[in-house]
1. Mind checking which residues of the range B:53-99 are part of a helix (DSSP H, G or I), of a type in the set (A, V, I, L, M) and more than 11 Å from chain A (Cβ to nearest Cβ)?
2. Quick check, is A:T65 under 30 Å from A:R186 (Cα atoms) and among the hydroxyl-bearing types (S, T, Y)?
3. Looking only at the range A:109-133, which residues are of a type in the set (A, V, I, L, M, F, W, C) and free of Cβ contacts under 8 Å to residues at least 40 places away in the same chain?
4. Run down B:S77, B:S109 and say which single residue is touching a Lys or Arg at 6+ places or on another chain (Cβ under 6 Å) and over 24 Å from A:G80 (Cα atoms).
5. Give the residues of the range B:8-65 that are within 13 Å of the chain's Cα centre (by Cα) and basic (K, R), sorted by residue number.
6. Go through the residues of the range A:173-180 one by one and say whether even a single one is at pLDDT below 75 and acidic (D, E).
7. Mind listing just one residue for me: the one in the range A:65-96 that is more than 22 Å from B:T62 (Cβ to Cβ) and at pLDDT below 85 and, of those, nearest to the other protein chains (Cβ to nearest Cβ)?
8. Let me confirm something: among A:I137, A:I158, which residue is buried (at least 20 other Cβ atoms within 10 Å of the Cβ) and in contact (Cβ under 8 Å) with a residue 60 or more places away in the chain?
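The values are calculated or read from the model by the stated rules, or taken from the named source; none is laboratory data. Since the model is a prediction, treat every value here as computed from it, not as a measurement. Ideal geometry is used to build each Cβ from the backbone, glycine not excepted, and the neighbour counts take in all protein chains shown.
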Amino acid sequence: MNKIIQINLAGQAVSIDEKAYQSLSYYLQTLENHFANTIDGQEILTDIEARIAELFFGKIRKGNTFINEKDVAEATQLMGSAADMDIDDETDTKQSQRTTSTNNKKLYRDTDDRVLGGVCSGISAYFGMDTSVVRIIAVLLIIFTGIPLIAYFVFWAILPEASTPEDRSRMKGGNTTINDIVNNVRQEATDVARNVKNEASNVADRIKKNSNFSKSAKSLTSGIEQIIKLFAKFFGAGVLICLVTAGIALTVFLLANATGGFQVNTGDSGTLIPSILKSPTLNWIF
Amino acid sequence: MYIYLHNLMKIENTQSQMRKGVLEYCILTLTSSGEVYASDIITHLKEAKLIVVEGTLYPLLTRLKNAGLLKYEWKESDQGPPRKYYSLTEEGIKFNKQLADTWTELSNSVNQLTNVK
C-alpha cells in the first residue's frame, strides 16, 4: 500500500505516490546541491523541474492516474545526473574535485555481506576499500583499544540497512575523501538549519492564526528531532574519522614494528598521528 | 593511487571537451530557425547523438541566454502551462555566423590532416 500525494512541480499539481516522491525529491536535492553555488542555479533547476513535469504529464495523458517510481526513474535517467550537467570551462583543476565530490553517497550497513551487522562492509563500500581490510583493522582496533566495539554497536544502531537497489548504489557511490564527508555533514547542517527555520516560521504562522497548538508543537519536536539526528551524524562522522585514522596509524605502526623499520617510543607517538595525517598515505589509501 | 589516475589523460575528458565546444554552436544553429522550444532542441541533439542526457542542455541554455546570445519568450501552449521559447538575439546571430565560419575552417583542416597519411 502506498500513499498518493499531490505535489507542486514547476507550478503544476502532480499526483505522485509516496515512494516516487521520495526518490524525486532526493534527485532534485542532489541537483540543488550541485547548482547551489552557481548564479543561475535556480533558473536551471526550474527549467529541469518544468521538463520533468512535462514528462510526467505525458505519462498521465497516456492513462496513468498517478506518477510511480518507475516514471520517476525514467525521468531522472533521461535528465541525467548532476555530474552530466556540468559545463564549467575550468575543467582541469575542477575535474579531479568533481569526480570525488559526488555527494550522493551515503553510509549504510551492507547486510548482504555481513559477519555481524554489516557495518564493516558498509564502511568498506563507502571508502571503496576491501571488506577484509576494514574487518582486520576493526578487529585489531578492538583487541588493542577496545573503543571501536562500542563504536560498532553505535554504527549498528544508527546506520540504515541498504535494502533497496538505490540504497546499494548510493552506498557504493563514487570515490570519497575525508573532504566529502566534511562537505556532506556541512550540507546536512545547512539543510537542517533551513528546515528548522521553515518549521519555526510555520509554527509562528500557526500561533498567529490561533490554530491547533498541538500540531505546531509536533512540528517543533520534529525540528528538534532533526537537530538531534544531526548531532548523531556529526558524532558518527567524528568517530568514523578517528576510527580510520587510528586504523591507519595502527597498521603503519604494526608494519613498521614487524619489519623493524623504525622505533617509536612513547614520547613520539603523540606526533605520529598528525604526521601521518599530513602524509600522502591517507590520500593514497582513500 | 587515485592521484596518479587523476593526472592521466582520459579519453572521456577529451571527448567531452570536443563535444562541449561543438554543442554551443549546434544549439545556436538550432535556435536560429526561429522560436524553438527546449524539448525540440533536445530531440534534435539526441538524434545527432550530441547529448546523451537532457539535463546537459539546460545549464547551456541559461549560459547562452546570460551571455546575451539567446533570449526567450513565454508562450501559451495547448498542453499545460506556458513554455519558454528560445530565439537568437542580434548578437547571437553574429556569433553563430562566426562560429559557422570557424567550424568550416576547422573541419576542413581536420579532414585535410586526417586524409594525409
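1. Here is the first cut: in the range B:53-99, the residues part of a helix (DSSP H, G or I) are B:54-66, B:90-99.
Narrowing further to those that are of a type in the set (A, V, I, L, M): B:57, B:60-61, B:64, B:93, B:99.
B:I93, B:L99 - these are the residues of the range B:53-99 that are part of a helix (DSSP H, G or I), of a type in the set (A, V, I, L, M) and more than 11 Å from chain A (Cβ to nearest Cβ).
2. Working: under 30 Å from A:R186 (Cα atoms): no; among the hydroxyl-bearing types (S, T, Y): yes.
Taking the combined requirement at face value, the residue does not satisfy it.
3. Narrowing the range A:109-133 to residues of a type in the set (A, V, I, L, M, F, W, C): A:115-116, A:119-120, A:123, A:125, A:127, A:129, A:133.
A:V115, A:C120, A:V133, listed by residue number.
4. Values: B:S109 fails: touching a Lys or Arg at 6+ places or on another chain (Cβ under 6 Å).
Criteria check complete, one pass: B:S77.
5. B:R19, B:K20, B:K46, B:K49, B:R63, B:K65, listed by residue number.
6. Quick first cut of the range A:173-180, residues at pLDDT below 75 only: A:173-180.
Those left that are additionally acidic (D, E): A:180.
Within the range A:173-180, one or more residues are at pLDDT below 75 and acidic (D, E).
7. Among them, the one singled out is A:S96.
8. Details: A:I158 fails: buried (at least 20 other Cβ atoms within 10 Å of the Cβ).
None of the other options fit; the residue is A:I137.
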